[in-house]
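Working notes, beginning with the structure itself.
The values are calculated or read from the model by the stated rules, or taken from the named source; none is laboratory data. The structure presented is a predicted model; accordingly, all values stated were derived computationally and were not measured. For neighbour counting, all protein chains shown are included, and Cβ atoms are generated from backbone atoms with ideal geometry for every residue, glycine included. Surface accessibility is based on the protein's heavy atoms, side chains included, excluding ligands, DNA and RNA. Shrake-Rupley method; radii C 1.70, N 1.55, O 1.52, S 1.80 Å.
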Amino acid sequence: MGKPAYLYKDYIKSVHWSMAIVDAGGDCVDPNFPIANLGNEQVALVCRTDAKVAVKVRINLGNNQSLRQWAILNHNFSAGTLDINSYTAADFVTGKVTEADDVAIRCLDMHEYITNPNSRKYWELDLTNVTTPASYFEIGRIMCHTVPVILTDMYDIRRGRGYGFKNIVNETTHGIRWVHKVYKQRESFQLTWERRKNTYIPSELKTLYDTVYGDAYPFLFIPNIDGKSCYYVSIANPELQWTTLDIGTEFTEGVQLDLIEEVRGKS
């Protein structure tokens, strides 16, 4: 089984101004849901297309990068496959290489790890073969980077899991009930590391805490770098705690990391 990993710093946040979403007729972004939302950490702020035929997301990085890690978060894709292409020129034709083809759609959020990509300036997500029941494509955020941070120690095989909805339920004095739906399909899980040599844990988790400033910012958590699952999460416990044991060689135990998924979108 592959190691867990996470991604916080990515290129899209700094280059979203040089992105474009096009179809056969050129630009196809719904003006009410702008392309700038693709780089916003709040994934409930979505970008939408005004059509869904032969749609491509094109990215100009400004310099050559080998983009191994890709994530598409809070999307409305339901089936099909997508391709990840790179090019050597801004026409998005010259020097085309399909870095990842027929990437299977994972509902709501998905990631792809490319083992050995080319170092290119121009990149493209080809959504031509993606389907959705809606009349448009919707994406909350795109993330890409050369490599995520991979944790050295695997967490324990047991994981606490949660799946929930949040509603505000009110009832009038005459028993009329009304509900305001806040969010849906939110997952949470609890990772634990029992006794480990005090080599990587908790130092690597301290780095994670430093990176996202505790419970301040969301990041992409990848349970298995070789798998397809990913979660856009925040840390639920603002303080990292562990127990230190000194038995000849120092050990750590009782490390716990609670992660809660960011709101995917309003119901």
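For this structure, a couple of remarks:
- Checklist (1) open to solvent by less than 40 Å² (accessible area, probe 1.4 Å); (2) closer than 30 Å to L45 by Cα applied to T252, failing item: (2)
- Among the residues of region 200-230, those identified as open to solvent by 30 Å² or more (accessible area, probe 1.4 Å) and touching a residue at least 40 places away in the same chain (Cβ under 8 Å) are Y200, E204, T207, T211, Y217, N224, D226, K228, S229.
- Checking each residue in region 97-129 for being open to solvent by 50 Å² or more (accessible area, probe 1.4 Å) and of a type in the set (D, E) picks out D101, D102.
- Among the residues making up region 231-249, a single one is among the small types (G, A, S) and open to solvent by less than 20 Å² (accessible area, probe 1.4 Å): S234.
- Residues located in region 1-49, provided they are open to solvent by 20 Å² or more (accessible area, probe 1.4 Å), touching an Asp or Glu at 6+ places or on another chain (Cβ under 6 Å) and in a loop (DSSP other than H, G, I, E, B): D30
- Within region 164-185, the residues that satisfy the criterion of being within 22 Å of the chain's Cα centre (by Cα), more than 30 Å from I114 (Cβ to Cβ) and of a type outside the set (K, R) are G164, F165, V182, Y183.
- Residue check for N170: over 23 Å from F251 (Cβ atoms) and touching a strand residue (DSSP E or B) at 6+ places or on another chain (Cβ under 7 Å): yes
- Pairs, first on the phi > 0 side of the Ramachandran plot in region 88-112, second open to solvent by 60 Å² or more (accessible area, probe 1.4 Å), C-beta under 7 Å, six or more apart: G95/T88
- Looking across region 114-148, the residues that are among the aliphatic types (A, V, I, L, M), over 21 Å from F221 (Cα atoms) and not in a loop (DSSP other than H, G, I, E, B) come down to L125, V130.
- Tally, over region 170-198, of residues that are touching a residue at least 24 places away in the same chain (Cβ under 8 Å) and either open to solvent by 20 Å² or more (accessible area, probe 1.4 Å) or not in a strand (DSSP E or B) (or both): 15
- Residue in region 67-75 that is under 16 Å from H145 (Cβ atoms) and open to solvent by 50 Å² or more (accessible area, probe 1.4 Å) present: yes
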